[in-house]
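Reading through the structure tokens given below for one structure.
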Amino acid sequence: MAVENFANWLRDLANTLHDNAAYLTELDSAIGDADHGSNMDRGFQAVVAVLDETSFDSVDELLKKAGMTLVSKVGGASGPLYGTFFLRFGTALAGAEVTAETVGEALKAGVGGILARGKAELGDKTMYDAWAPALTAYDEAVAGGSDLRGALVAAAEAAAKGRDETVPLVARKGRASYLGERSAGHQDPGATSTTLLLESAARTLG
Amino acid sequence: MGGMKKLINDPADVVSEALRGLALAHPDHVRVDHENRIVYRKDAPRSGKVGLISGGGSGHEPMHGGFVGPGMLDAACAGEVFTSPVPDQMMAATKEVDAGAGVLHIVKNYTGDVMNFEMAAELAAAEAGTEVLSVVTDDDVAVQDSLYTAGRRGVGVTVLLEKIVGAAAEQGRSLQEVADLAKKVNGNGRSMGMALTSCTVPAAGKPTFELAENEMEVGIGIHGEPGRQRLPLAPAKDVAALLVDPVLQDLPYSQGDSVIAFVNGMGGTPLIELYLMYNEVRQLLDAAGITVARSLVGNYITSLEMAGCSVTLLKVDDDLVRLWDAPVNTPGLRWGA
């Protein structure tokens, strides 16, 4: 049952990214290289193709396969970053029962992978500016007695706030950093796709 | 802003169909692994020779696929337009061109390229035990260099480096020697670019940025990313100074230095304007007391149909000039062969 929930999440996320591909690319045009939407869309369509032709016995197998597919299909910086996230997120759930607590630990492991690859810090105007407040909100919700869905809703709301707060920031990582001060005033595309990922998780998991 | 006007079929097929054309047009130079989108030197792997691999997003032709062949690269991995290739491609290429002498990855300094090449090098070392060294080019003076940012972009010096290091590998130099030479070339080179127009990524369908008729963008990279400064359009001699001065000041280059001077077109500027620009660049270099040992003028590292140019200066010694003059026989660069 858990496997099916996570597969539904990935399918829902693929649809969401497809619907938002032009929007993500538009955000990336302003401060990057105008490919974030099409790359994420291509990567997640490939994940859906894998889901269609493979059956998975466990959540970790499913998520690891999704991660490898993203690494292979997305390219850019998003491929290694989201790919590494799903690889580590899946690995952390190996053999574990899916609960609010174990998913929280797995999210931390996944985001740890993003940091190891991307070496970003809070305020660099990257996807981490959505992930960091999301992890904090998730933990606070669990500590306050929330179930998985409640914690994911809290995480998604915090991610959206973090995403909005990237607008005035001057980018210090990725292609947007080449613009210096001119990167201020634009919303970060990576923080935007991270928010879509967590909103999709809140809709489908738990 | 108008629609997209390009000689393409489906935007999704641009890269694979262009690679088919490259393979058909240059069967004497290259063979192409279409599934993995890798351009190989026809006779790779070459026994005892260090394998040279580069790659990156497509849209910069002739770089990198056009620089595969004797005296330059052994393989080039093509990503989507302006998107780095994926680790699977560099892993496959690394295993294929390794002839026992190891493999050098030549990577332009962009976050995605660096991450994907790093993952490939880790996986190739773990899976096949291939010895891989990497050089990251970062010669663009338009970008502030800092420990806290992604650092400078790799641009024009990448072309000169692939030629010079390619000659050294052809001579049979070791992996460490070739890697040290590559770092020396990168350290001695600086570039600055400008755009008269934006460019349109086929999958996006509209220009990446907008420039008015009377404006130019100074300090651009090679991905249609906006530059650091938007200025009123100026005569070529003033544009040349805007490019040459920051390059000269950065290394710095000083009176008596000998350089390879490279005026590169961004894809949409005719050669007549590039030669006109070279004339301006040359006068500035003469005035600064810089000796031009060799020159290169043309479209070699492009940004789709962007109009504009970049200037790269590479400080050279006798060894670098000899390597520059050595025979090269690729679709995009050919002499002495």
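General observations
- Length-normalised contact order for chain B - Cα pairs under 8 Å, 6+ apart - percent: 18 percent
- Distance cut-off 13 Å, percentage of C-alpha pairs in segment B:95-162 lying past it: 66 percent
- DSSP beta bridges in chain B [antiparallel fraction, %, rounded to 5]: 55 percent
- Volume of the convex hull of segment A:129-206 (Cα atoms only), normalised per residue: 66 Å³.
- Label point 7 Å beyond Cα of B:SER254 along Cβ direction - residues of segment B:291-325 with amide nitrogen under 20 Å: B:291-293, B:313-318
- Cα-only radius of gyration and Dmax that characterise the protein assembly as shown, units Å: 23.6, 75
- Enclosed volume per residue, in Å³, of the convex hull spanned by Cα atoms of segment B:157-211: 118 Å³
- When the convex hull of its Cα atoms is viewed from all sides, segment A:10-85 shows a mean projected area of 4.6 nm².
- Ellipsoid semi-axes in whole angstrom, largest first, where each is sqrt(5λ) of the Cα gyration tensor of chain B: 30, 24, 18
- Here is the tail figure for chain A: Cα pairs spaced more than 26 Å apart come to 26 percent of all pairs.
- Distance histogram in 5 Å bins (all Cα pairs of segment B:30-127, percent per bin): 3, 16, 28, 27, 18, 7, 1
- Within straight-line cross-link reach of B:LYS315, lysines at Cα separation under 26 Å, skipping those fewer than 8 residues along the same chain: B:LYS108, B:LYS163, B:LYS183, B:LYS184, B:LYS237
- Based on DSSP H segments of at least four residues, each scored -39500 (n - 2.57), the protein assembly as shown has a per-residue ellipticity at 222 nm of -15500 deg cm²/dmol.
- Quotient of Cα Rg and 2.2 N^0.38 Å for segment B:286-337, N being how many residues it contains: 1.38
- Compared with the alpha-carbon gap, the fully stretched path from B:ALA126 to B:GLN176 is longer by 16.0 nm at 0.36 nm per residue.
- Between helix A:36-53 and chain A: long-axis angle, C-alpha atoms, 0 to 90°, nearest 10: 20 degrees
- DSSP-defined antiparallel bridges as percent of all bridges, the protein assembly as shown, nearest 5: 55 percent
- In a simple Cβ point-charge model (Lys, Arg +1; Asp, Glu -1; nothing else charged), segment B:186-337 has a dipole of about 240 debye relative to its Cα centre.
- Percentage, to the nearest whole number, of Cα pairs in segment B:15-187 over 25 Å apart: 24 percent
- Its Cα gyration tensor gives segment B:189-315 an equivalent ellipsoid. The semi-axes, each the square root of 5 times an eigenvalue, are 26, 14, 13 Å from largest down.
- Each of B:ASP318 and A:THR136 was given a label point 7 Å from its Cα along the Cα-to-Cβ line. The distance between the two points is 6.3 nm.
- Debye equation applied to the C-alpha atoms of segment B:243-337, log10 I(q)/I(0) at 0.15, 0.16, 0.18 Å⁻¹: -0.63, -0.71, -0.89
- Kirkwood hydrodynamic radius over Cα pairs of segment A:85-149, then Stokes diffusion coefficient at 20 °C and 1.002 mPa s, in µm²/s: 174 µm²/s
- Label zone at B:ALA241 (point 7 Å along Cα-to-Cβ), backbone N below 19 Å, segment B:270-295: B:276-290
- Remark: segment A:126-173 is approximated by an ellipsoid whose semi-axes, taken from the C-alpha gyration tensor as √(5λ), come to 24, 8, 7 Å, largest first.
- Beta bridges assigned by DSSP with both partners in segment B:189-315 are antiparallel in approximately 75 percent of cases.
The numbers here are math on the coordinates, done by the rules we state, and not lab data. Small disclaimer: the values here were computed from a predicted structure and weren't measured. Please note: Cβ atoms are built from the backbone with ideal geometry, for glycine as well, and neighbour counts cover all protein chains shown.
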